[in-house]
1. Let me confirm something: among 100, 137, which residue is part of a loop (DSSP other than H, G, I, E, B), among the hydrophobic types (A, V, I, L, M, F, W, C) and touching a residue at least 60 places away in the same chain (Cβ under 8 Å)?
2. Give 88, 57 a once-over and let me know the one that is at positive phi, in the same structural domain as residue 110 (by the TED database) and not polar (S, T, N, Q).
3. Can you tell me how many residues within region 48-81 are within 32 Å of the chain's Cα centre (by Cα) and in contact (Cβ under 8 Å) with a residue 24 or more places away in the chain?
4. Quick check on region 206-227: of everything there that is closer than 22 Å to residue 169 by Cα and surrounded by fewer than 10 Cβ atoms within 10 Å (Cβ to Cβ), which residue is modelled with the lowest pLDDT?
5. Would region 157-167 turn up any residue that is of a type in the set (Val, Ile, Thr), touching a strand residue (DSSP E or B) at 6+ places or on another chain (Cβ under 9 Å) and at pLDDT 70 or above?
6. Give the residues of region 51-66 that are closer than 21 Å to residue 81 by Cβ and among the charged types (D, E, K, R), sorted by residue number.
7. Tally time: how many residues in region 48-86 are exposed (fewer than 14 other Cβ atoms within 10 Å of the Cβ), in a loop (DSSP other than H, G, I, E, B) and among the aliphatic types (A, V, I, L, M)?
8. Taking residue 104 and the conditions (1) modelled with pLDDT under 90; (2) in contact with a Lys or Arg (Cβ under 9 Å, 6 or more places away or on another chain); (3) assigned by the TED database to the domain that holds residue 70, which numbered condition does it fall short on, given that it satisfies the others?
Amino acid sequence: MFANRNIIVIAIAAVLGIAAVILANSYLSGVEEGQVKAAEENRLVQIAVARVPMEYGTALTTENIRMVSWPATSVPAGAFQSTKALLGGEARVALRPIEAGEPILPGKVTGPGGRASISALIDPDMRAVAVRINDVAGVAGFVLPNDAVDVLLTRTPKTEAEGQVDPITDVLLQNVRVIAIDQGADEKKNEPAVGKTATLLVDQQGAQKLALAGQVGSLSLALRNAVNQDVFMAQTVGTRDLGQGSVSPSFYNAPRSSGSTMAASPYPIPAMQAAMTGTARGPAAPARPKPKNSVAVEIVRGTASSSYDVSRHRGY
C-alpha cells in the first residue's frame, strides 16, 4: 500500500515538473520572439556595450564587450551597432572609464589601432599645455584629472611708485579642465596626489597666455565646484588689498553657545566699525579745566570708552 502511494507521489511530481519546464520554455520563447519581432519592426537595434567595467587604457576585445537590444528611438549618437564595426581591423583602446552595461561611444575609445594617449582626448580646436605645480599651487594634491580650475598668476610688474614695487595677482584663465596630473589621466582616481605638472585643456590663445605667464610670474590653481561653470568678473589684487578684508555680519550677530567666550554683539556692524575707528564721535568739546583732588575714571561700554573726572575726598 505504501509502495503504491510513493509511486503516485513520484508520478505527480514528475508531471508537475514537466509542466513547469514546458511553461518556462513557452515564456522564454515568447519573449525571444517578441524581441525578434520588435527588432524586425525597427523598435530595437543591437548596439555594443561594456560587459565589464573598463579603465583608461583597456584594450577592447570580444571578452569585455557584448551586443544588446536598444530602443531605436534612443540610440546614443555614434553607438557601434555591430561587433565588426567596433573590433574590425585594428584594436581600439578605452580613453575614459566605461561602466558595465554602458554603451561604447567613439568619444570614449580610440580609433582603430590607436593608443591611450592625451592627444586622443583633445578636440581639434583645443590645446594641451603643461604647467609646473607643487603641493601649494596644486591645492595639496586635490586637483585630479577632469577637475575644473581657475589659473592664477602672481607677478611683480615693473612700476615705480614711491620707489616700491607692488606684487599683484590676476585671474589668468577661468573654468579650465585638467586632463592629467603628471602622467596620469585616469578620471576615476579620487585619492589626492601631489604632482609636479598639471596638463590643462585650453584654446590657442589660452596656451599662449600660459606660456608667457610661466615666464613672468608664478602660477597657482584654484579648484572650482564641479557643477559651477559660471565666469565671473575678476579683478587684480595687490598687497594694498590684503588689509581690506571683510567679515560677514552673521559672525557677530549669530547666537553663541554657552561655552563660547564671545557673546552676540548688540551693536550693528556699521556702528561697531565706526565706534572702533572713532568716526561716530561728533566734534570734540572744548577742554575743561581739571578739578583739584580729582581722579580720572574710564568707563567702557561695548567697544566705546569714556573718561570722567571724579573728586577724591580725604581718607581715600
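The values are calculated or read from the model by the stated rules, or taken from the named source; none is laboratory data. Remember, predicted model here, so these are calculated numbers, not experimental data. As a convention, Cβ positions derive from the backbone with ideal geometry for all residues, glycine included, and neighbour counts pool all protein chains shown.
1. Values: 100 fails: touching a residue at least 60 places away in the same chain (Cβ under 8 Å).
The match here is 137.
2. Details: 88 fails: at positive phi.
Being at positive phi, in the same structural domain as residue 110 (by the TED database) and not polar (S, T, N, Q) holds for just one of 88, 57, which is 57.
3. Taking region 48-81 first, the residues within 32 Å of the chain's Cα centre (by Cα) are 48-60, 64-65, 74-80.
Filter again for in contact (Cβ under 8 Å) with a residue 24 or more places away in the chain, leaving 48-60, 65, 75-80.
Total satisfying the criteria: 20.
4. Going residue by residue through region 206-227, those that are closer than 22 Å to residue 169 by Cα are 206-225.
Narrowing the set further to residues that are surrounded by fewer than 10 Cβ atoms within 10 Å (Cβ to Cβ) leaves 215, 225.
On the way: 215: 90, 225: 86.
Result: 225.
5. no
6. Within region 51-66, 51, 63, 66 meet the criteria.
7. 2
8. Failing condition for residue 104: (1).
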